[in-house]
Structures are given as C-alpha cells and as structure tokens.
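Peer 1: Before we start, here is the structure in question, set down as structure tokens.
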Amino acid sequence: MTRRLVLAPWTYSFIVALAMWIATTAYSGIGSAGSTLAAALAFGAFSVVIGTGQMLVIAAGSGNIDLSVPSVLTLAAYVSMAVMTGHDGMLVPGLVVALLVGAAAGALNFLAILLLRLPPIIATLAWSFVFQSFAFNLGGEATLKPPALLSAFTVWAPGGIEIMPLCVMGLTAAAVFVLRSTLWGRSLLASGQSEPAARLAGVRVWRVRLIAYAGCGTLAALTGFLLAGFSGGAALNMGDAYLLESIAVVVLGGTSVAGGRANAVGIWGAALFFNLMATMLNTFRIEAGIRLMLTGALIILIIAIVPKPRAA
C-alpha cells in the first residue's frame, strides 16, 4: 500500500508564506526578493517574541489566554523609555526595568485568576485597562524617544544580515529546549493535557502556570522595549496590533488552543505569513476592506486544510 506524505501541521503556514513571497517577487521583480524577505523577518520578529509568550499561556491548559499583552507591551515601553531618558548608558537598566514590569504584570494576571477564581479572559482583560491607564498617566499622548543605541540595534544589519531576527531565532531555539528538555516545560505540557493527571504526578500546577503567565508578560515587555527602539519611541497605540496577532500566530503555528501541545518554531511561519500577506496585498494595491476579508479567508482556509492530530 502506498504511504501518503503527510506534512506536520505547523509547516503549512511556512508553505503559504513562501507562496506569497514568490507571488510578490514575481509581480515586483526579482530585485525586490531580498528586501521583501528582510522586511518580513524584521517585522515578524516582534510577532514571534510576543507570540512565544502567548504560546506558554495557551499551552498551560484550556481557557488560558492573556489579553493584556498589548497593554503590558505599552507600559513596559513607556517605563523603560522614561528610565533611559534617551541615554545609551542607561540601556541595560532600561531593559531590566522593562522585563521586571512584564514579569510583575504577568504574575498579577495569574494571581487574579488563582485567588479571585476569575476566568483568564476576564482577569487579563481587566488588568489590561489598569496597565494601559498606568501607561497613559506616565507618558500621556507624548512619544518617549529611545536611546540611539537601541534604535541602531533594532536595524543593525552587518553584511546585509539583520541581527535582531537572528537573536529572536535564538529565543525560539531556547523555547524549544525549555519545552522539550526541562522539567518545567514538560510539566507545562502535562498540565495543559490533563490538570488532574498532572496533580497526581506531583506537578504543582499553580506554580507552573504562574511562571507561564510571568513569562508571557516578560516577553510582551521585551517586545515593547524593542518595538520602541525600532519605531522611534513609546506610543499609546503601539500594542494595538498585537492583541489578536499574538493569538493568531500561536494557533496557526501549531499550538493547541486546548492546551498540552506547543510549537515555538511554527510561530515563525505564522508571523511570516501575516507580514508577507500584508506586503503582497499592498503590492497588488488591494483596498483595505478587501485585504481584511482576504486575511480572514486565508486564515480559515489554512486551519481547514491542516490535518488534525489523531486522538491518543
């Protein structure tokens, strides 16, 4: 009997992203191929960082999600920019403060879930308003400028190779290692698959999920720190685009919304898919309303054609 080749679910977003890159290059000319891919990698890196954090939360079990990531991103950007005040010598303290803000925000999210027994979607949404309010009171409508060194790093490309996407690929490799080879990573996936079974196996589920939410907040804060340098400063609306995208790249990347299964590498495929799709539709001069409709249709199509994992 002939065996049919079945691709892993997370590879489909890579395949579609490749098709979009080829279509855009064919329309614009071969000379645009390198710049199109470089731009997709640069913008996609931010989606990968924040999506990796969201992946940890979603993998922790059914119903777990963090809707506060755009507000955490914005607050961390404002706080870190305020600490650095544009001075290169304050770059490390600014980064440390941003990460601490993110970790604290993630911990507060989980404590509201644990102690008040709120659904994650409600707890994280409520905290998002608080975090956004802090950001507004800290910076108002002003844009806080980043140090020149941070801005230079986000676009640094020695020999034409951009460094920031490479660093984010290193983050992806670290996430893969943590999930596959560490006790906490295996405990996270076990908790997502079956919380009662994980408890019987001696897993402290609350601690595992606390770290997942804190990690999600930390990576959202790192995204805000880098994005502020890339875009020229912290602004109140800088995180808006990442609310749904942080979830979409995780789901399209092969992580189960029911928990217990995570794929860090697949997030790259989904991030490239979103960015190359936007580039392709803009290149073809398709109107905004039609672009949104096509985006939704393509996402539904990919999810529909991806083979579903068999039940154990």
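None of the figures in this text is laboratory data; all of them are computed from the coordinates on show. The shown structure was predicted, so the numbers you read here are calculated from the model rather than taken from an experiment. Don't worry about glycine lacking a Cβ; one is built from the backbone with ideal geometry, like all the others, and counts go over all protein chains shown.
Peer 1: So what J values fall out for the range 166-172 if you push phi through Karplus, 6.51 cos²θ - 1.76 cosθ + 1.60 with θ = phi - 60°, rounded to Hz, Gly and Pro as x?
Peer 2: With coefficients 6.51, -1.76 and 1.60, one gets 5, 5, 5, 4, x, 4, 4 Hz.
Peer 1: Here's something else I'd like to know. Arrange the peptides 253-259, 239-245, 82-88 so that the one whose residues have, on average, the most other Cβ atoms within 10 Å appears first.
Peer 2: Working: 253-259: 20.7, 239-245: 18.6, 82-88: 15.4.
The peptides rank, most packed first, as 253-259, 239-245, 82-88.
Peer 1: Based on DSSP loop calls and a cut-off of at most 12 other Cβ atoms within 10 Å, the longest stretch of the chain free of exposed trypsin sites (Lys or Arg not before Pro) is what? Could the numbers behind the result be given before it?
Peer 2: Values: sites that count: R3, R4, R117, R204, R285, R310.
That would be 5-116.
Peer 1: Out of all Cα-Cα pairs in the range 1-160, roughly what percent, to the nearest whole number, are more than 25 Å apart? Write down the numbers at each step before the final one.
Peer 2: On the way: 6518 of 12720 pairs.
Tail of P(r) above 25 Å: 51 percent of Cα pairs.
Peer 1: Calculated from DSSP H runs of 4 or more alone, at -39500 (n - 2.57) each and per residue, what is the 222 nm mean residue ellipticity of the chain, nearest 500? List each step's numbers first, then the result.
Peer 2: On the way: 13 runs with 224 residues, N = 312.
When only DSSP H runs of four or more count, the value is -24000 deg cm²/dmol.
Peer 1: Hey, how many Å between the Cα centroid of the range 1-75 and the Cα centroid of the range 226-305?
Peer 2: The range 1-75 and the range 226-305 have Cα centres separated by 7 Å.
Peer 1: Please state the relative contact order of the chain as a whole percent: Cα pairs under 8 Å, 6+ residues apart?
Peer 2: On the way: 534 pairs, mean separation 112.5, N = 312.
Computed over the chain, the figure is 36 percent.
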